[in-house]
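Here it is, the structure in full.
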Amino acid sequence: MLFPLPDTETLYRALLDRDPAYDGRAYVGVTSTGIFCRLTCPARKPKPENCRFFASVAECMSAGFRACLKCHPMAPAAEADPIVAALLKLLADRPGYRWGEQDLERMGFDPSTVRRSFKRHFGITFLEMARLERLRLGFETLGDGGRVIDAQQDAGFESPSAFRSAFSRLIGQPPGRLAENALLQAHWLPTPLGTMIAVTDERALHLLEFADRKALPGELKKLFELSRCSLGVGRLAPHAVLETQLDAYFTGRSPDFTIPLALHGSDFTRSVWEALRQIPPGAVRSYGEVASAIGRPSATRAVARANGANQIALIIPCHRVIGADGSLTGYGGGLWRKQKLIEIERQFTR
């Protein structure tokens, strides 16, 4: 829910005072510059008559303002939540630890508050995120040729059945069904916005998704069937290429991805994906504009479905598509990631 904004005079006073209570909960658009900021921005303060206040980043963008380069107002809202920030740091420090509600209580956190905060920002709870991080350790063990029992122990699961069940929910298949020397190999890639899973063959990339996306198991199951059960866990040459290009993207050095893609979709769907790739980094388009670009101006809904069916995140940039009113519409990786990706790409326009 959006924070109900107080009157303009109160907000302007908060802007002058750089009041942290409003950080991530209210924004100011400066009409004289066309830029929007957090109220805690260190830049010189505008005159009151040049200020418009908003409750969300989406409202600022729909009003035509662009993000400030000093205060980065499009950074994930989760960073402004002290509970989330503290627990994310703990998770990074102890990735293999089996976190439970009793741990949260012992540290003085209310489990229900933590659960709501993480669900609001990420769509999953802290405990689910911690479980996913432990699965990553097991995933890496399998990718290095380790046994299933070793992967289970590295992931901190006490029982084989619990590990098989958790692995199946993530990958769409139990570890025992994964093939050796498989045609397609899934590899776990860390990024500044969370872990991604990349599936490639010896030549091309078939799938790139954030590991916490709810649609991921279904997408991997389709690839499993398409490859006639030839799906495994491991690292191929295209994974190294992808890692290099993702690093260049996230560090602001290059928005270009040249890795070959294997696209699984109808002719119409692939035409939409190609149109998405034509949107320049730092720019956004509406579904209607994409429909017009492929010569099907009345197919807005079909374009939206094709956008949602994209299995290669970032490289096929479905995050660059917004609502007709300028709002940040749904994104499988989470709206907080969509905000951050748009912010990252703004630097490529300079």
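No lab work stands behind these numbers, since they all come straight from the coordinates. Owing to the predicted nature of the structure, the values given are computational and were not obtained by experimental measurement. We place every Cβ from the backbone using ideal geometry, glycine too, and count neighbours over all the protein chains shown.
Which listed residue (Gly334, Asn181, Ala151) has the Cα farthest towards the positive end of the charge dipole for the chain, taking +1 on Lys and Arg C-beta and -1 on Asp and Glu C-beta about the Cα centre?
Gly334
Follow-up question, since we're still on this one. Under 10 Å, Cα contacts only: if you run a Gaussian network model on the chain, which one of Thr244, Thr195, Thr40 comes out with the highest mean-square fluctuation?
The residue with the greatest mean-square fluctuation here is Thr244.
Amide H to amide H, which residues 5 or more places from Leu189 or on other chains are under 5 Å from it, using H placed in the peptide plane?
For Leu189, the qualifying residues are Met196, Ile197, Ala198.
In degrees from 0 to 90, rounded to the nearest 10, what is the angle of the helix 8-17 Cα long axis to the longest principal axis of the chain?
That helix lies at roughly 70 degrees to the long axis.
Starting with the highest mean, order 313-322, 6-15, 330-339 by the number of other Cβ atoms within 10 Å, averaged over the residues of each peptide. Please list the in-between numbers first.
Numbers: 313-322: 23.2, 6-15: 15.4, 330-339: 21.0.
Listed from highest to lowest mean packing, they are 313-322, 330-339, 6-15.
What is the dipole size for region 76-158, taken about its Cα centre, with +1 at each Lys and Arg Cβ and -1 at each Asp and Glu Cβ, in debye to the nearest 20?
Values: 12 positive and 14 negative charges, 46 e Å.
Dipole of region 76-158, to the nearest 20 debye: 220 debye.
In what order do Arg134, Arg270 fall by count of nearby beta-carbon atoms within 10 Å, going from fewest to most?
Working: Arg134 20, Arg270 15.
Sorted ascending by nearby Cβ count, the order is Arg270, Arg134.
Something else about it: What is the log10 of I(q)/I(0) for region 8-73, computed with the Debye formula using one identical point scatterer on each Cα and no solvent, at q = 0.15, 0.18, 0.28 Å⁻¹?
-0.35, -0.52, -1.42
With charges only on Cβ, +1 for K and R and -1 for D and E, what is the dipole size of region 8-73 about its Cα centre, in debye, rounded to 20? Show your work: numbers first, answer last.
On the way: 10 positive and 6 negative charges, 46 e Å.
It comes to approximately 220 debye.
Here's a follow-up. For the chain, report the convex hull volume of the alpha-carbon atoms normalised per residue, in Å³, without decimals.
Details: hull volume 51.2 nm³, N = 350.
Normalising the Cα hull of the chain by residue number yields 146 Å³.
Also, I was wondering about something else. Report, to the nearest 10°, how far helix 237-250 tilts away from the longest principal axis of the Cα atoms in the chain, using its own Cα long axis and a range of 0 to 90°.
10 degrees
Can you compute the charge dipole magnitude of region 267-349 about its Cα centre, using +1 on each Lys and Arg Cβ and -1 on each Asp and Glu Cβ, nothing else charged? Give it in debye, rounded to the nearest 20.
Values: 11 positive and 6 negative charges, 26 e Å.
Charge dipole, region 267-349, about its Cα centre: 120 debye, nearest 20.
Can I ask one more? Take the Cα atoms of region 263-350, build their convex hull, and give its volume per residue in Å³.
Details: hull volume 7.5 nm³, N = 88.
Normalising the Cα hull of region 263-350 by residue number yields 85 Å³.
Based on the inverse mean of 1/r over its pairs of different Cα atoms, what is the Kirkwood hydrodynamic radius of region 76-158, in Å?
13.5 Å
Give the residue from Gly138, Leu88, Thr125 lying farthest towards the positive end of the charge dipole for region 76-158; charges sit on Cβ (+1 for Lys and Arg, -1 for Asp and Glu) and the dipole is referred to the Cα centre.
With unit charges placed on the Cβ atoms, the residue in question is Thr125.
Something else about it: Residues with beta-carbon under 14 Å from that of Ser56, excluding Ser56: net charge, scoring Lys, Arg +1 and Asp, Glu -1? Mind dumping the intermediate values first?
Details: positive: Arg25, Arg38, Arg52, Arg120, Lys338; negative: Asp23, Glu59, Asp325.
For residues surrounding Ser56, the net value is +2.
Taking the Cβ of Ile294 as the center, what net charge do the other residues with Cβ under 14 Å away carry, scoring Lys and Arg +1 and Asp and Glu -1?
Working: positive: Arg270, Arg277, Arg285, Arg296, Arg301, Arg305; negative: Asp267, Glu274, Glu289.
After counting each charged neighbour, the total is +3.
Right, here's the next one. For Lys222, go through the lysines and keep the ones whose alpha-carbon is under 23 Å away, minus same-chain ones fewer than eight residues off.
Correct list for Lys222: Lys214.
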